[in-house]
Amino acid sequence: MDKKISGFAYVLGNNIDTDQIIPAEHLVYSMSDEEESKKYGQFALSSVPKKEAGLPHGGIPFVDEGKNTSLYNIIIAGANFGCGSSREHAPYAINKAGCNVVIAESYARIFYRNAVDGGFLVPYECEQKLNDKIHTGDKLEIDFERNLLIDLSDHREFKLKPLGDVLPIIEAGGLFEYARKTGMIKTV
Amino acid sequence: MPMTITEKILAKSAGKKSVTPGENVWLNVDVLMTHDVCGPPTVQIWKREFGEKAEIWDKNKLVIFPDHYIFTKNTHANRNVSILREFADQYNLPNYYDVGTDRYKGVCHIALAEEAYNIPGTVLFGTDSHTCTSGAFGMFSTGVGNTDAAFILGTGKIWEKVPESMKFTFNGKLPPYLTAKDLILHILGDITTDGATYRAMEFDGEAVYALPMEERMTLTNMAIEAGGMSGIIAADEVTEAFLKQRTTKSYEIFRSDADAKYFSTYTYNVEKLEPTVAKPHSPDNRDIVRNVQGTKLTKCYIGSCTGGKMFDFMQAAKILINNKVKVPTFVVPASTDIAAQLEVETYKGISLKQILQDAGCVIAQSSCAACLGGPADTIGRAVDKDVVISTTNRNFPGRMGSKQSEVYLASPLTVAASAVTGVITDPRDFI
Ligand code: SF4
């Protein structure tokens, strides 16, 4: 895991469910076929209602029409991010779009586990509501060592909650890597 | 130390005397369930991680029900079923329920109950968020993603954070115009879609223990709609009678200690509740049917693991008998057993199937069908600006298909009453 990353914010509201993250009709694509799996990036967050896509004004697609990756690599969301189904395709799709950090007020359990255990996303929780303070397109930096989010446009700093128990799994890069590192399973 | 039923079951599974909420424990899994959407990627991850010579930790504990995208021409969806079939063949899996054979069952959560994989005191994981349904049998059950499932497939183990518990007690005698669906929609309105995140929802009270297993499963099924890790109802005589008909497996019944600690407790008198709906676009957007009655509908849907069980069709039949539906109404029996039973069970001497057909309902083959939208050729799928009332469990934007559609969630009684009038209708107008 890098010590810092920077990039652009994509801001969302509360209760972004897994059907909005990756609509059920797209769950049929292979996740192991390199070419076909790009479709998950293409359709990431494609079902978020227009007015809520890219706050504060909305109307900004996460992934531009015809593209497989997003211009935004840090998602700032409200409460209960990833609620709904158990589909691991959800954090996977966001990751495939080129985004691997989400900062939300809270997460649904299965999404959170999938993000961590699959090694797809770093699911940070913010200490205070951020989706009304940061705008889509803001340039941000995340300092993983200090658990800090910095808005590079005006140098405001926001504290993030430490990742806690799951940090070793995130640092290892997912559940399997963690289990190998700790000797739970054998290396193949 | 006093413990809740959930803590007792998790302690047993973790090989510990006791566990406390917030603690991360490694559990020994009794059953792993998967289906056609998440099964193939699970198998792929398992092979990638454990190598080509990967071994399944215990074949007898792996259960696979293709159920989501079954009756479709979509080639990607059909490929998923083929992947499962090949996997089952290659490893000679005893518990694979293939499409197009006598073994095909339909929706996984209902099939788990029918095939007696739901055993009190055990721990079941599934690659589906509604795996919490099995908690109706006094067991711990929850949904996981593909990576977690692949890990279980190879090791039989998984980590879990011991949840805090919330207790929901329903007192009183359930009036004939209410079903378990009204109760759970009522709770959702109170605690919202993240009110139980990372927690176990325990259901209790005389009104709950008066419910048949199918109705108990409706309660635990929708725990996930509140973000719950699991839903649970301690096993009793009703549970034991259900099991006795289907299995000789032994089991252990756990109950919460009287002085167990809860994150919160809620008490309701069911006699005071009213027929309830969740309005578009969230299961917690609760209202009483009376407040939305008259809303014009374009489609009605009775199906899914939540509302496609025998009990649900019996409720619907009570209203549909000698009536005609005014809008297209789709009936999807959750399992093939239920589909067969529809022909056998009667209301006022007429088979339920006859009643539903005479009323003008379209009866589809058992599967998840339009509950989750599915491929374009899925029966009952919401199109354009459809306004649907449905016995399913989710109404997030686009859940049943079209992003422009509006879905109301309701009990089978309310859906049947609404189907007859073509507008949202309180079942008390018929009962
Ligand atoms: S019927 Fe609906 S909720 Fe139940 S398992 Fe199928 S898709 Fe999921």
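Annotations for the structure displayed:
- Against the numbered list (1) more than 15 Å from the ligand (Cβ to nearest atom); (2) outside any strand (DSSP E or B); (3) farther than 22 Å from residue B:134 by Cβ; (4) open to solvent by 10 Å² or more (accessible area, probe 1.4 Å), residue B:317 comes up short only at (4).
- Any hit, segment A:22-42, residues being open to solvent by less than 50 Å² (accessible area, probe 1.4 Å) and under 23 Å from residue A:129 (Cα atoms): no
- Screening residue B:322 with (1) within 16 Å of residue B:410 (Cα to Cα); (2) of a type in the set (S, T, N, Q); (3) surrounded by fewer than 20 Cβ atoms within 10 Å (Cβ to Cβ) gives one miss only, at (1).
- Selection within segment B:356-374 - over 17 Å from residue B:310 (Cβ atoms) and surrounded by fewer than 20 Cβ atoms within 10 Å (Cβ to Cβ): B:358, B:360, B:362
- Flag for residue B:82 being part of a strand (DSSP E or B) and small (Gly, Ala, Ser): no
- Note on segment B:28-37: among residues that are over 13 Å from residue B:81 (Cβ atoms) and under 23 Å from the mean Cα position of the chain (by Cα), the one that is nearest to the other protein chains (Cβ to nearest Cβ) is B:33.
- The number of residues in segment B:156-190 being of a type outside the set (D, E, K, R), farther than 24 Å from residue B:415 by Cα and open to solvent by less than 10 Å² (accessible area, probe 1.4 Å) comes to 7.
- Residue within segment B:104-115 that is β-branched (Val, Ile, Thr), within 14 Å of the ligand (Cβ to nearest atom) and either over 12 Å from the mean Cα position of the chain (by Cα) or outside any helix (DSSP H, G or I) (or both) present: yes
- Residue match in segment B:398-406 (condition: among the hydroxyl-bearing types (Ser, Thr, Tyr), away from the ligand (no atom under 12 Å from the Cβ) and either within 15 Å of residue B:327 (Cβ to Cβ) or assigned to a loop (DSSP other than H, G, I, E, B) (or both)): yes
- All of (1) within 14 Å of chain A (Cβ to nearest Cβ); (2) within 16 Å of the ligand (Cβ to nearest atom); (3) open to solvent by 30 Å² or more (accessible area, probe 1.4 Å) hold for residue B:285 with one exception: (2).
- Residue count for segment A:87-117, restricted to those that are surrounded by 24 or more Cβ atoms within 10 Å (Cβ to Cβ) and in a loop (DSSP other than H, G, I, E, B): 5.
- Out of B:232, B:152, sole residue that is modelled with pLDDT of 95 or more, touching an Asp or Glu at 6+ places or on another chain (Cβ under 7 Å) and open to solvent by less than 10 Å² (accessible area, probe 1.4 Å): B:232
- Residue B:37 being surrounded by 20 or more Cβ atoms within 10 Å (Cβ to Cβ), in contact with a helix residue (DSSP H, G or I) (Cβ under 9 Å, 6 or more places away or on another chain) and in a helix (DSSP H, G or I): no
- Residue-level check: of (1) touching a helix residue (DSSP H, G or I) at 6+ places or on another chain (Cβ under 7 Å); (2) more than 14 Å from chain A (Cβ to nearest Cβ); (3) open to solvent by less than 10 Å² (accessible area, probe 1.4 Å), residue B:353 misses just (3).
- When B:52, B:23 are checked against the criterion of being more than 16 Å from the ligand (Cβ to nearest atom), free of Cβ contacts under 8 Å to residues at least 12 places away in the same chain and farther than 19 Å from residue B:111 by Cβ, a single residue qualifies: B:52.
- Residue match in segment B:390-397 (condition: over 21 Å from residue B:132 (Cβ atoms) and surrounded by 24 or more Cβ atoms within 10 Å (Cβ to Cβ)): no
- When B:370, B:376 are checked against the criterion of being closer than 30 Å to residue B:35 by Cα and part of a helix (DSSP H, G or I), B:370 stands alone in meeting it.
- Answer residue from segment B:177-235, given it is within 14 Å of chain A (Cβ to nearest Cβ) and among the acidic types (Asp, Glu) and is nearest to residue B:277 (Cα to Cα) among those: B:225
The values are calculated or read from the model by the stated rules, or taken from the named source; none is laboratory data. In this text, all values refer to a predicted model and were calculated from it rather than measured experimentally. Every residue, glycine among them, receives a Cβ derived from its backbone with ideal geometry; neighbour counts consider all protein chains shown. The area values use the complete protein model at the heavy-atom level, side chains included, leaving out ligands, DNA and RNA. Shrake-Rupley method; radii C 1.70, N 1.55, O 1.52, S 1.80 Å.
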